[in-house]
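S.K.: Structure in structure tokens, see below.
The values are calculated or read from the model by the stated rules, or taken from the named source; none is laboratory data. Remember, predicted model here, so these are calculated numbers, not experimental data. Neighbour counts run over all protein chains shown; Cβ positions are idealised from the backbone, glycine included. SASA here: full protein model, heavy atoms, side chains in, ligands and nucleic acids out. Shrake-Rupley method; radii C 1.70, N 1.55, O 1.52, S 1.80 Å.
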Amino acid sequence: MSTLIRIFITDDHPIVRDGLRSVLETQSDFIIAGEAGSGQETLEQLERSDVDVLFLDLGMPQMNGVAVIEALQARQHPVRIIVFTVYDTDERILSAIKAGAKGYLLKGAAREELFNAVRVVHSGGSLLQPVVASRLMAHISKDSTQLSPRELGVLQLLAKGLSNQDIARALFISERTVKFHVSAILSKLGASNRTEAVQLALRQGLISIH
């Protein structure tokens, strides 16, 4: 006999709650343990309910989904959270995952994706809908290529034609450290040499020549 998974649904739109409930109830191992239309109501109900998985909308008035996740984490509530929302922006996804969500699905996801997400998250795993995962990875990749303030400073001096030795003196760092920064700059900008790095940085508006 399969273990029953107790599910709670939070969304400020009754029609969404009704639709999600109808879909989830088609599975013999799912049971709807409750629902709420606001973040505060969710916190209050979960304090006195035995729930395994929470389907949570992000865009709710007064207390949004991320605030709910943070509150549950602060209370060390064991419920595992699947964000179920229309928001697909990088910032929303990242905020929810950082706060502690274990799944992220966009409204309109296929029924099988919903069922799979519940079972994966309930068993201790994490699951992002493919389109969500690709956006998140693109965001992380973009962040990893951003130049640090120190690298931008070195790049600005490169644009003025200074040598590694001159840059080291200007920034009060070792020449070896300058070489490290230059190497990182070339890698992040995809440049093959210092001149190309400066040209790319100028085109991207990262630096300016006064």
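S.K.: Suppose the filter is in a loop (DSSP other than H, G, I, E, B) and modelled with pLDDT of 85 or more; does Ile173 pass it? I'd like the intermediate steps shown before the answer.
M.R.: Values: in a loop (DSSP other than H, G, I, E, B): yes; modelled with pLDDT of 85 or more: yes.
The answer is yes for Ile173.
S.K.: What about Val120, is it open to solvent by less than 30 Å² (accessible area, probe 1.4 Å), closer than 18 Å to Arg6 by Cα and out of contact with any Asp or Glu (no Cβ under 7 Å at 6 or more places or on another chain)? Working first, answer last.
M.R.: Working: open to solvent by less than 30 Å² (accessible area, probe 1.4 Å): no; closer than 18 Å to Arg6 by Cα: yes; out of contact with any Asp or Glu (no Cβ under 7 Å at 6 or more places or on another chain): yes.
Taking the combined requirement at face value, the residue does not satisfy it.
S.K.: For region 45-61, which positions are over 17 Å from Pro14 (Cβ atoms) and not hydrophobic (A, V, I, L, M, F, W, C)? Steps first, answer last, please.
M.R.: Initially, region 45-61 is screened for residues over 17 Å from Pro14 (Cβ atoms), giving 46-54, 58.
Once the filter is applied, which keeps residues that are over 17 Å from Pro14 (Cβ atoms) and not hydrophobic (A, V, I, L, M, F, W, C), region 45-61 yields Glu47, Arg48, Ser49, Asp50, Asp52.
S.K.: Still on this model: Every residue in region 12-49 that is closer than 18 Å to Arg111 by Cα and of a type outside the set (A, V, I, L, M), please. Walk me through it before giving the result.
M.R.: Going through region 12-49, the residues closer than 18 Å to Arg111 by Cα turn out to be 15-32.
Result: Arg17, Asp18, Gly19, Arg21, Ser22, Glu25, Thr26, Gln27, Ser28, Asp29, Phe30.
S.K.: Out of the residues in region 181-205 that are modelled with pLDDT of 85 or more, among the small types (Gly, Ala, Ser) and open to solvent by less than 60 Å² (accessible area, probe 1.4 Å), state the one that is farthest from Ser148 (Cα to Cα).
M.R.: Ranking the candidates gives Ala197 first.
S.K.: Looking at region 20-36 only, could you name the residues that are part of a helix (DSSP H, G or I) and aliphatic (A, V, I, L, M)?
M.R.: So in region 20-36, the residues part of a helix (DSSP H, G or I) come out as 20-24.
Matches in region 20-36: Leu20, Val23, Leu24.
S.K.: For region 1-55, name all the residues that are under 17 Å from Phe84 (Cβ atoms), of a type outside the set (A, V, I, L, M) and open to solvent by 60 Å² or more (accessible area, probe 1.4 Å).
M.R.: Arg6, His13, Pro14, Asp18, Arg21, Ser22, Glu25, Thr26, Glu41 - these are the residues of region 1-55 that are under 17 Å from Phe84 (Cβ atoms), of a type outside the set (A, V, I, L, M) and open to solvent by 60 Å² or more (accessible area, probe 1.4 Å).
S.K.: Then there is this: Pick from region 80-91 the residues that are touching a helix residue (DSSP H, G or I) at 6+ places or on another chain (Cβ under 7 Å) and surrounded by fewer than 18 Cβ atoms within 10 Å (Cβ to Cβ): which of them is nearest to Ile9 (Cα to Cα)?
M.R.: Asp88
S.K.: Ok, one more. Go through region 56-70 residue by residue and tally those that are out of contact with any Ser or Thr (no Cβ under 6 Å at 6 or more places or on another chain), open to solvent by 10 Å² or more (accessible area, probe 1.4 Å) and under 17 Å from Gly103 (Cα atoms).
M.R.: Final tally of qualifying residues: 4.
S.K.: Closer than 13 Å to Leu206 by Cα and of a type in the set (Val, Ile, Thr): is that true of Val178 in this structure? It would help to see each step written out before you state the result.
M.R.: Working: closer than 13 Å to Leu206 by Cα: no; of a type in the set (Val, Ile, Thr): yes.
Spelling it out, it is not the case that Val178 is closer than 13 Å to Leu206 by Cα and of a type in the set (Val, Ile, Thr).
S.K.: Of all residues in region 92-101, which are surrounded by fewer than 22 Cβ atoms within 10 Å (Cβ to Cβ) and touching a residue at least 24 places away in the same chain (Cβ under 8 Å)? First the steps, then the outcome.
M.R.: Of the residues in region 92-101, the ones surrounded by fewer than 22 Cβ atoms within 10 Å (Cβ to Cβ) are 92, 94-95, 97-100.
Scanning region 92-101 gives Arg92, Leu94, Ser95, Ile97, Ala99, Gly100.
S.K.: How do the helices (runs of 4 or more DSSP H) wholly within region 37-115 filter down when requiring 2 or more residues that are at pLDDT below 90: which remain? Walk me through how you get there before you give the answer.
M.R.: Working: elements: 39-47, 65-74, 90-99.
Hits in region 37-115: 90-99.
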